[in-house]
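As structure tokens, the structure follows; a few thoughts come after it.
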Amino acid sequence: MVSGTLSSYHLPLLVSVADVHFRMTSYKKMRKRLGLFSARQQDHSLESIRDHMIELRRDFPKAGAREMTSLLFHRKGMIVSRRAHSHIFSVNRLLTIIRDRNLVVVYFRVYERDLVRQRKAGRLKRRRFWSAGVNDMIAVDQHDKWQRFGLRLHTGIDPFPGVVHWMKVWWTNRNPKLILSYYLDVIDELGYMPLITQSDPGSENYGIANAHTALRHMHDPNLVGTIQHRWMREKKNVKPEIAWSQLRRRFTPGYEDLLEKGVTNGWYDTNRPLDVLVFRWLFIPFLQSELDAWVDRINNSKKRADKNKILPHGVPNDIAGDPARYGCLDFKIKVDPQAVQGIRQTLAPPDDPVFQLVPKEFENQAAVLYESMGSPPLSSKNIWQVYCELLRRFETLDEAMDLLEQCQVYFDLMEEEATIEQPVGVELLGGLDNIGEDGYYYMGGVNNGLGLGLCDAKISLQCH
């Protein structure tokens, strides 16, 4: 969307360029030429947003005012005013009383009173997390709440700016080669890596731990003999846990209801191989596209103001892209692309079966049948209908039994567990083994885990 290219972060950069007199009138004319209209110019009302709100509610039944405002912008290109226009509500006494509230909040008050009461009933627990700066670490974690549907999720986050580097859905999240590939894709695209990686204990994370440690050794021989990965025990992997909590509250409900619909209606049986393969072929790419849109919205939206949070406050991508502008440190380490490629070929070869969505034979046949259906674009409204029709066409194939026998070999192969040895070496310093008198401890990678220094740390470390 074009409107996403000129944020409040970029405007000061545009108008402060030396020797360029960028008048506001010129800026407004440029916005008009690009079709970028302000909230006042779009002039939305309860009536103009209602149909869109109803449509978005199907996928996001528990989203709050900020989330729905963001969804209207990112999905519908609609900018709604933070303050409702008084003339809209002058015909109704109740609405006149709340005329100065956010338009989406007013919508909730009028049409969704019960949902407002439900959301207010929720209470979040505050948890503390310390990080020294951008690229201090990437924290990874898995999520198994959709396991009953044959789906598993995984995420990787830079805790300091709050950037979600990836949020993936696949048919497994226990394979260390797969998990490592998510990390390698990110640092290969960015061209740099963080000081350390961190995760819960578990063999699925041995790939990341070994790979990141090896890359750090290649770029800094002084680290040879150390493990540049921190194992987060005792439920201390806070930021990914927060991300999953937010996903469960704001994203999951609508899509979980969608998935449950197929099970309760008897359309999808996880014990039938053909059901599983058709489901994977359709639903995983669809859900991944929805998760990608969710991540993009999170990374490009300023978080709610929080008096308990030390600076910086801002859009996560903006903080990560220009830490100095926010008075932050950046610990990124440029990485040799050839080194990344070498690690990938050794520990996560692209031809490994774990990277196959479905067997090749099945994929080819599914593509033919899907094209014969007219290749319908998928949405939450029609995906189960498309699934049922595609499944029916598979079942009527003459060679269906032969295809299933070939696919059974695939399932048997997938049951074989991938093994990567646990990294060996001296673990990072600091952490819970080095707690200060005031209870302070640091879990990042600065100074091999000791942080910026106990005296400076209390001032320099940022809390999210």
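The table for this structure:
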{"item": "Segment 322-342 residues that are free of Cβ contacts under 8 Å to residues at least 24 places away in the same chain, paired with ones that are among the β-branched types (Val, Ile, Thr) and crowded, with 17+ Cβ neighbours inside 10 Å (beta carbon under 8 Å, 6 or more apart)", "result": "326/319"}
{"item": "Strands (runs of 3 or more DSSP E) contained in segment 134-190 and holding at least 2 residues in contact with a Leu (Cβ under 7 Å, 6 or more places away or on another chain) and closer than 20 Å to residue 289 by Cβ", "result": "163-170"}
{"item": "Segment 359-374 residues that are over 9 Å from residue 281 (Cβ atoms), paired with ones that are in a helix (DSSP H, G or I) and polar (S, T, N, Q) (beta carbon under 6 Å, 6 or more apart)", "result": "361/406"}
{"item": "Selection count where residues are part of a loop (DSSP other than H, G, I, E, B) and either over 25 Å from the mean Cα position of the chain (by Cα) or among the basic types (Lys, Arg) (or both), scope segment 331-348", "result": "2"}
{"item": "Candidates 206, 255, 268 - the one that is aromatic (Phe, Trp, Tyr) and not in a helix (DSSP H, G or I)", "result": "268"}
{"item": "Scope segment 364-375; condition modelled with pLDDT of 95 or more and in contact with a helix residue (DSSP H, G or I) (Cβ under 8 Å, 6 or more places away or on another chain); matching residues", "result": "366, 369, 370, 372, 373"}
{"item": "Residue within segment 313-322 that is crowded, with 16+ Cβ neighbours inside 10 Å, on the phi < 0 side of the Ramachandran plot, β-branched (Val, Ile, Thr) and touching a Cys at 6+ places or on another chain (Cβ under 9 Å) present", "result": "yes"}
{"item": "Which listed residue is closer than 22 Å to residue 153 by Cα, among the aliphatic types (A, V, I, L, M), within 26 Å of the chain's Cα centre (by Cα) and assigned by TED's automatic domain parsing to the domain that holds residue 257, from 293, 320, 324", "result": "293"}
{"item": "Unique match (being in contact with a helix residue (DSSP H, G or I) (Cβ under 7 Å, 6 or more places away or on another chain) and within 22 Å of residue 196 (Cβ to Cβ)) among 347, 357, 378", "result": "347"}
{"item": "Residue match in segment 403-426 (condition: at pLDDT 70 or above, of a type in the set (S, T, N, Q) and more than 31 Å from the chain's Cα centre (by Cα))", "result": "yes"}
{"item": "Residue among 281, 267, 244, 231 that is assigned by TED's automatic domain parsing to the domain that holds residue 199 and more than 24 Å from the chain's Cα centre (by Cα)", "result": "267"}
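The values are calculated or read from the model by the stated rules, or taken from the named source; none is laboratory data. All values reported here derive from a predicted model rather than from experimental measurement. All Cβ positions, even for glycine, are placed from backbone atoms using ideal geometry, and neighbour counts span all protein chains on display.
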